[in-house]
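The numbers here are math on the coordinates, done by the rules we state, and not lab data. As the structure is a computational prediction, the values presented were derived from the model and not from experiment. Virtual Cβ from ideal backbone geometry, glycine too; neighbours counted across all protein chains shown.
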Amino acid sequence: MAVRLVFLGRLEELAGTDGGTVDAPLGWAALLAHLSEAFSPELAETVLGERVKVALNGALIADKGGIVLADGDEIAFLPPVSGG
Amino acid sequence: MSDVRLLTAPFDPAEELRRFTAALPQAGGIVSFLGQVRDGDGVEALELRHYGPLTLPAMVDLAAQVRGRWALDGLLVIHRSGAMVPGEPIVLVAAAARHRRDAFAAADFAMDHLKSESWFWKREKVGGHWRWIEPRAQDFQDIARWGQTA
C-alpha cells in the first residue's frame, strides 16, 4: 500500500498524468520533494501556492503544510475551479 | 423537493424541465437556466472534470443552502462532467416557488455558486489542442454580490 496522489485540472498537465503513488509515511515537505522529483518542479511550486487546495481522503484540509500521510491515504490537489 | 445530479452522459433539458414542472403544480413560477457549450472561437470540444469525493456532496450542500435562503417548492440542479461538443447542455438549474422573485434569485444564486465554487475543472479543445480554463474575474464579482455565505 502507498499514498494515492490525484491531480485535478491544470495540475494534471503539470504532472503529465492524473495521478500517482508515493510511499508512506511522509509529511508535507517530503511530499513536495517527491512531486518535484517524480513529476516536475513547477508542479511542486504550484501545489505550494495558496490557490491550490488539498483534500485528504475526500475532506478539505485547512492547513496543508501540517499533513502527515499514511498508507492507504488519498490526497487530491485542487487548483482554482471553473464550472458551468 | 431537491433533485441534484452529477451526470457523465448527455441529458435532455426539455424533458428534465417537463418532469420537474409536472411534479410541482403548486408552484406559481419556475425559473430555469440552461448552460450549453458555446459554438464559436474555434472550440471543438469542452471537457469538465470532477473529483468524486467532493463534487456531488458540495452540490447537495449548495442546494440545501439555496433552500435555506429562499422559500422554494422545488429545486433542480443537473451538472455534466465529461467531454461535450458545442450545443450540448452542461448545466440545468430550475427553481420553483410560489412567487417568481424567489425563483429568479434562487436560480441566479445557484448558478453563480456552481460557476465559481463547485468542484469542476474545465478545459476546451481548440485547433486540436486542449487548454485548461481558469476562472474569470467576472465569476468572482458575480458571487460577491451575494455577500458572505455559510
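Quick notes
- Within the straight-line cut-off of under 12 Å between alpha carbons, the aspartates and glutamates reachable from B:LYS115 are B:GLU134, B:ASP139, B:ASP142, sequence neighbours fewer than 8 places apart in one chain being disregarded.
- Summing Lys and Arg as +1 and Asp and Glu as -1 over all other residues whose Cβ lies under 14 Å from the Cβ of B:GLU15 gives a net charge of 0.
- With contributions of -39500 (n - 2.57) from each DSSP H run of at least four residues, the per-residue ellipticity at 222 nm computed over chain A stands at -8000 deg cm²/dmol.
- Other residues within the sphere of radius under 11 Å centred on the Cβ of A:PRO25, judged by their own Cβ, net out at -3 (K and R +1, D and E -1).
- Note, ³J(HN,Hα) from phi for region A:46-63, Karplus 6.51, -1.76, 1.60, rounded to Hz, x at Gly and Pro: 5, 4, 5, x, 6, 6, 9, 9, 10, 10, 10, 6, x, 10, 5, 9, 6, 10
- Qualifying trypsin sites (Lys or Arg not before Pro) for region A:1-56 [loop in DSSP, other Cβ within 10 Å: at most 13]: A:ARG51
- Region A:3-78, relative contact order in percent, only Cα pairs under 8 angstrom and at least six apart counted: 43
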